[in-house]
Amino acid sequence: MRKIKRYLLVWCGMVCMLAACTATSEKVEILVTTNNRSKEFAKEEIALGTKGENALRVVLNPTECHQTIDGFGAAVTGSTCYNLMKMTQENRTRFLKETFSDTEGLGFSYIRISIGCSDFSLSEYTCCDEPGIEHFALQSEETEYVIPVLKEILAINPGIKILGSPWTCPKWMKVNNLEERQPFDSWTDGQLNPDCYADYATYFVKWVQAFEVEGICIHAVTPQNEPLNRGNSASLFMSWQEEQAFVKEALGPAFRSAGLDVKIYAFDHNYNYDNMPDQEDYPLRMYDDEVTASFLAGAAYHNYGGRRDELNDVQVRRPDKELIFTETSIGMWNDGRNLEKRLMEDMREVALGTVNNGCKAVMVWNLMLDTERGPNRKGGCQVCYGAVDIDVADYATITRNSHYYIIGHMSAVVKPGAVHIGLSNAPEGLMHAAFENSDGTYAYVVLNETETSVALEVGEDGNTFVCEVPAKAVASCRWKK
């Protein structure tokens, strides 16, 4: 009971702070989180128009415009929804408002869901396990868990964007390889039979339309999650040549014919293309075909291999195409519950690092797992943590991990439609980004990895303020121009 009361008190305090994080003409609202948890989304309010005699200057340049931001968020998997539905209605609503509300919370603005099962689903399934596309239907995981949770989120934040990714096609569409084309009755590995391209494209169309019937608009899809990963519990190998053919011959035309305004992002995998030389520059090779490129909004990336500067390389070579970051995980392998370590690294490599390399959306993996790292399935990740973990003893006590903080620090001040703008170089030990929101406010997010507090004079054209960023901390600022 003490834990529950503590959670409620902490949440209420956060809501009071976050609800007040609306910039005024005279004030700058700042949220601060330190890696030792001495401050967790702690709200500070300071006067706009102040200067710091000994502060380091950070000058915004709103005439230097980069990408427009779509949003920041997390994956709402079957496991996440199961855990959320185990909470009381009151506690679940409280958590969802804290997370997704733009007026009472952090304003998470993007969600990733699986098309069929993922490795964090309650079972292995697709929406058409019986041969024949006429048998398509949403399954119990969607109807009992995912859709009810999405409806609650949409009631809180109707503008949320949703991206769908399949982990596997139906097994009856799989073959062992493209030469022999023998049936491949396995959830893991296999390749999509080219003879099934039309049926699989129809599968995507039916999935989007089924969610539309439920009042849920799908903003975007990727043709395949981790197409170069043969070993996931639910997986499908899809080379760039295969994905290019599928998008060009089937998926793109099917969406167009059905009148679906749904973006398609290529790839959805690692910076290093899983060290497969013939798959390097995967999305760029797809773009080389003009018809395929016409159907693609851009490319999606994960960070389980390689370096984030690959994003910049892709952007430079195809500046007409978008970049989004769709998955990263924390777990036992990277000391995932150690905020002292993870807050710094995840803010640098994920939240700020991807945006500063051209990404217009950033998502982390499971929004919520339980304290036993589940529910999970054999063959899936047994050692992953959620952005938050909920205690299986009461389904009320929540521990926030680094991924919750890094997304919250972006989404609280950087709103969909914001433009990433230029600013002066960060002083040593700092990493930062600035934005101009469509409502006439500026946003500034800074990471201080040094051992000492840093005073920054932030602003442009003489309209500045002084922000004190504690050692090993993140600060998010928002103010009217």
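For the reader, a short list of remarks on this structure follows.
- Extreme residue, nearest to the chain's Cα centre (by Cα), among residues of the stretch 410-420 that are farther than 20 Å from Asn303 by Cα and surrounded by 21 or more Cβ atoms within 10 Å (Cβ to Cβ): Ser411
- Here Ser38 fulfils each of the conditions (1) at pLDDT 85 or above; (2) buried (at least 18 other Cβ atoms within 10 Å of the Cβ); (3) among the small types (Gly, Ala, Ser); (4) under 30 Å from the mean Cα position of the chain (by Cα) apart from (2).
- For the stretch 295-321, taking the residues that are touching a residue at least 60 places away in the same chain (Cβ under 8 Å) and assigned to a strand (DSSP E or B), the one that is nearest to His66 (Cα to Cα) is identified as Ala300.
- Pairs are defined by a Cβ separation below 9 Å, a sequence spacing of at least 6 or placement on different chains, a first member in the stretch 357-370 that is over 12 Å from Phe72 (Cα atoms), and a second member that is outside any strand (DSSP E or B) and basic (Lys, Arg); the pairs so defined are Asn357/Arg308; Asp370/Lys86.
- Once the stretch 108-159 is narrowed to residues that are touching a Gly at 6+ places or on another chain (Cβ under 7 Å), in contact (Cβ under 8 Å) with a residue 24 or more places away in the chain and of a type in the set (Phe, Trp, Tyr), the residue that is nearest to Val362 (Cα to Cα) is Tyr110.
- The sole residue among Glu226, Glu280 that is without any contact (Cβ under 8 Å) to a residue 24 or more places away in the chain and under 25 Å from the mean Cα position of the chain (by Cα) is Glu280.
- Hits in the stretch 77-123 - residues which are among the hydroxyl-bearing types (Ser, Thr, Tyr) and more than 16 Å from the chain's Cα centre (by Cα): Ser79, Tyr82, Thr88, Thr93, Ser101, Thr103, Ser121, Ser123
- Residues that are part of a loop (DSSP other than H, G, I, E, B) and either in contact with an Asp or Glu (Cβ under 9 Å, 6 or more places away or on another chain) or farther than 10 Å from Tyr145 by Cβ (or both) within the stretch 76-97 comprise Thr77, Met87, Thr88, listed in sequence order.
- When residues of the stretch 438-470 are limited to those that are small (Gly, Ala, Ser) and more than 23 Å from the chain's Cα centre (by Cα), the one surrounded by the fewest Cβ atoms within 10 Å (Cβ to Cβ): Gly462
- For the stretch 200-217, the criterion of a residue being β-branched (Val, Ile, Thr), without any contact (Cβ under 8 Å) to a residue 60 or more places away in the chain and crowded, with 16+ Cβ neighbours inside 10 Å is satisfied by at least one position.
- For the stretch 271-290, the criterion of being assigned to a strand (DSSP E or B) and touching a helix residue (DSSP H, G or I) at 6+ places or on another chain (Cβ under 8 Å) is met by none of the residues.
- Evaluating Thr143 against the criteria (1) assigned to a strand (DSSP E or B); (2) under 15 Å from Ser123 (Cα atoms); (3) of a type in the set (Val, Ile, Thr) leaves one unmet condition, (1).
- Residue match in the stretch 227-234 (condition: surrounded by fewer than 19 Cβ atoms within 10 Å (Cβ to Cβ), of a type in the set (S, T, N, Q) and either on the phi < 0 side of the Ramachandran plot or not assigned by TED's automatic domain parsing to the domain that holds Cys359 (or both)): no
- Any hit, the stretch 426-438, residues being hydroxyl-bearing (Ser, Thr, Tyr) and at pLDDT 95 or above: yes
- Failed item, numbered, when Arg373 is tested on (1) closer than 24 Å to Asp119 by Cβ; (2) within 12 Å of the chain's Cα centre (by Cα); (3) of a type in the set (D, E, K, R): (2)
- Qualifying positions in the stretch 261-296 - on the phi < 0 side of the Ramachandran plot, hydrophobic (A, V, I, L, M, F, W, C) and crowded, with 16+ Cβ neighbours inside 10 Å: Val262, Ile264, Ala266, Leu284, Met286, Ala293, Phe295, Leu296
- Enumeration of residues in the stretch 146-165 that are among the charged types (D, E, K, R) and either assigned to a helix (DSSP H, G or I) or not assigned by TED's automatic domain parsing to the domain that holds Gly116 (or both): Lys151, Glu152
- Residue count for the stretch 138-159, restricted to those that are farther than 30 Å from Pro416 by Cα and surrounded by 13 or more Cβ atoms within 10 Å (Cβ to Cβ): 1
- Residue within the stretch 361-376 that is acidic (Asp, Glu) and not in a strand (DSSP E or B) present: yes
The values are calculated or read from the model by the stated rules, or taken from the named source; none is laboratory data. It should be emphasised that the depicted structure is a prediction, and the values quoted were computed from it without experimental measurement. Positions of Cβ are backbone-derived with ideal geometry, glycine not excepted, and every protein chain shown enters the neighbour counts.
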